[in-house]
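Quick notes on the structure that follows.
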Amino acid sequence: MDKYTVAAIFRGIADVLEIKGENPFRIRAYQRAAQNIESLTEDLSDLMARGELERVPGIGKDLARKIAEILTTGRLRYYEELKKEVPPGLVELLAVPGVGPRTARLLYDQMNVTSIDELERLAREGRLRGLPGIKAKTEENILRGIALVRQGTARRPLGLVLPLVEYVVAYLQERAPVERISPAGSVRRRCETVGDVDILVVSSAPERVMEIFTTMPLVREVMARGGTRASVRTTDGLQVDVRVVERESFGAALCYFTGSKAHNIRIRELAVRKGLKINEYGVFRSDERLAGREEEEVYAAVGLPWIPPELREDRGEIEAAQAGRLPRLVERSDLKGDLHVHSRYSDGSGTLEDIAARARQLGLEWVAVCDHSRSLKVAGGLEVEELLVKLRAVREFNERSPDVKLLCGAEVDIDGRGGLDYSDEILAQLDLVVASIHSGFKQGEAALTARTIAAMENPYVDLIGHPTGRLFGEREAYPLDLTAVLDAAARTGTALEINAYPKRLDLNDVYSRAAAQKGVLLGIGSDAHLVDQMDYLALGLDVARRGWLTARDLLNTMTYAELRSWLSARRARAAR
Ligand SMILES: [Zn+2]
Ligand SMILES: [Zn+2]
């Protein structure tokens, strides 16, 4: 868990530099380093021991030295000194979306605000308005920002929780006498945010499981411990519960603890109508146990086929199951490509070879390499000449690559009026064009909707990137007339992205489903900036499954040849 400490310190440095108004590229370098370190699959101390820290993208000599200092001493002198240059408490304010370094400074200088609680109180009482640049509306934004911060710490994005869940499950499987084990709850349903984690276990030695679970190295606090159930808080503050259940009850317990509550209520109603009782121990007719060992038996007892956990939200899955019309949800093995990966040409870290190698490991056939366009300077957006160099490099790569093929794409900025960052003449040369909004989020619903639709009307745009712009804990989805956007997507044949980056998951499950119902195609993009992050594709798959999508609803399930012909049909139409 060292990597989280290092990342936290680097983020802290970026914050202080921001308050001091330092060079944005330097700030960005620390933020990127933090992000890259967090998504490492290898242990930082191992890398250090082998002298290979500098192999981590974005880590040069200077940062490698700083990491080494943190790993050996637990702190960083540079950071301690830097923090003294700004008033304490100011950094905390920066965590609130809508409070930039200038506002933070102002709040401190004029009102002596040094904590989020204080900021909240003053905003509630309307005492901030009147400060230069702060109106009633700004106060509202600050309060909404504070709510986001609080929500971000109460419920975490699925993508940040899953690695930890997998770690705990593997840890118990390896060391404890575990016969069966499964996560339940919102993690198993793959909800986009997770409050706490429930894990169910079957074991002939529950005491031993409790012992091993509560003494894991990442446990900070044991909150409760009984003979078959324990609850801990991990070093980064997540609550994890493990419960040992009887072999005969595992399926029933899994149903019960997976939920959702709304789904379970419907299942229990069906049971009552058949004169049965369903609870976490099994399915009973008076005192006789009829089922419980497997989930399938529980569903069968109420006359239903097994329902995938991602659908268990009482959003029509019971009716679909009764009618024999459950969707055949898209699966990992259906995915053949990734639509949105950044390379070293912009702010990504992988070369074309690195990206293809990772794709091969993940069993993918193609990857669209989409780098930022020229306006996005902080992210190394490509000028036209650079784009043309990249285009040639991708062509050459494909000639020597027998299996994995790359598409030369771009993530093109949609400007404030719906225009694009490259001319049509340039866009026409690219294999695939993702268009995204990266600025002007405060324009309001009408303008943002119009920009999005204008981009879709450009015949060279194939996919709209992260269509609602939300970032967990940082930014709400911007207001969009989703119906108008989905109608325009259907009319123009433009696909919409399910951006799988852990903080985004955008489109979300509900909108993805609405899109597919209108016949709009969706495309999962990992938005990887490091090749390891291409694994995020799995999170996009979770969203797709929660959105009831089948293989036919996604561009990612096309073979390279199929995708090329879909794209060239669009190009042909554009040329007409
Ligand atoms: Zn983007
Ligand atoms: Zn991107």
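The values are calculated or read from the model by the stated rules, or taken from the named source; none is laboratory data. Because the structure is a prediction, the values reported are computed rather than measured. Note that each Cβ is placed from the backbone with ideal geometry, even for glycine, and that neighbours are counted across all protein chains shown. Only protein heavy atoms, including side chains, enter the accessible area calculation; ligands, DNA and RNA are left aside. Shrake-Rupley method; radii C 1.70, N 1.55, O 1.52, S 1.80 Å.
Summary of computed values
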quantity	calculated
Output for the stretch 468-486, where each listed residue is under 21 Å from residue 503 (Cα atoms) and not aliphatic (A, V, I, L, M)	468, 469, 470, 472, 473, 474, 475, 476, 478, 479
Residues of the stretch 68-96 satisfying the condition of being under 18 Å from residue 27 (Cβ atoms), outside any loop (DSSP other than H, G, I, E, B) and within 31 Å of the chain's Cα centre (by Cα)	79, 83, 90, 91, 92, 93, 94
Within the stretch 433-455, considering residues that are of a type in the set (A, V, I, L, M) and touching a strand residue (DSSP E or B) at 6+ places or on another chain (Cβ under 7 Å), the one nearest to ligand 2 (Cβ to nearest atom)	434
Test result for residue 280, among the charged types (D, E, K, R), away from ligand 2 (no atom under 16 Å from the Cβ) and either open to solvent by 80 Å² or more (accessible area, probe 1.4 Å) or farther than 30 Å from residue 462 by Cα (or both)	yes
Cross-chain or 6+ apart pairs with Cβ under 9 Å, the stretch 399-425 first and assigned to a loop (DSSP other than H, G, I, E, B), then aromatic (Phe, Trp, Tyr) and open to solvent by less than 10 Å² (accessible area, probe 1.4 Å)	404/366
Spans of helices (runs of 4 or more DSSP H) in the stretch 240-338 with at least 3 residues within 28 Å of the chain's Cα centre (by Cα)	250-258, 261-273
Out of 527, 553, sole residue that is within 16 Å of ligand 2 (Cβ to nearest atom) and at pLDDT 95 or above	527
Failed condition for residue 477, given (1) closer than 30 Å to residue 363 by Cβ; (2) away from ligand 2 (no atom under 16 Å from the Cβ)	(1)
Qualifying positions in the stretch 487-500 - free of Cβ contacts under 8 Å to residues at least 40 places away in the same chain and either open to solvent by 10 Å² or more (accessible area, probe 1.4 Å) or within 14 Å of ligand 2 (Cβ to nearest atom) (or both)	487, 490, 491, 492
Some residue of the stretch 438-452 being within 14 Å of ligand 1 (Cβ to nearest atom), in a helix (DSSP H, G or I), of a type in the set (A, V, I, L, M, F, W, C) and surrounded by fewer than 23 Cβ atoms within 10 Å (Cβ to Cβ)	no
Wholly within the stretch 100-207, helices (runs of 4 or more DSSP H) carrying at least 2 residues that are open to solvent by 70 Å² or more (accessible area, probe 1.4 Å), free of Cβ contacts under 8 Å to residues at least 24 places away in the same chain and not assigned by TED's automatic domain parsing to the domain that holds residue 311	101-111, 116-124, 136-154, 158-175
Residue list for the stretch 313-345, restricted to those being free of Cβ contacts under 8 Å to residues at least 60 places away in the same chain and closer than 30 Å to residue 388 by Cβ	343, 344, 345
From the options 398, 458, residue that is touching a Lys or Arg at 6+ places or on another chain (Cβ under 9 Å) and either open to solvent by 10 Å² or more (accessible area, probe 1.4 Å) or away from ligand 2 (no atom under 16 Å from the Cβ) (or both)	398
Of residues in the stretch 534-548 being closer than 30 Å to residue 58 by Cα and open to solvent by 30 Å² or more (accessible area, probe 1.4 Å), the one nearest to ligand 1 (Cβ to nearest atom)	536
Those residues of the stretch 349-378 which are part of a helix (DSSP H, G or I), crowded, with 17+ Cβ neighbours inside 10 Å and within 16 Å of ligand 2 (Cβ to nearest atom), in sequence order	355
Tally of residues being within 22 Å of the chain's Cα centre (by Cα) and closer than 16 Å to residue 465 by Cα across the stretch 356-375	6
Qualifying residue in the stretch 549-561 (condition: open to solvent by less than 50 Å² (accessible area, probe 1.4 Å) and either without any contact (Cβ under 8 Å) to a residue 60 or more places away in the chain or assigned by TED's automatic domain parsing to the domain that holds residue 312 (or both))	no
Matching residues, the stretch 521-533, being crowded, with 23+ Cβ neighbours inside 10 Å and away from ligand 1 (no atom under 16 Å from the Cβ)	522, 531
Selection count, the stretch 503-520, where residues are within 16 Å of ligand 2 (Cβ to nearest atom), crowded, with 24+ Cβ neighbours inside 10 Å and of a type outside the set (A, V, I, L, M, F, W, C)	2
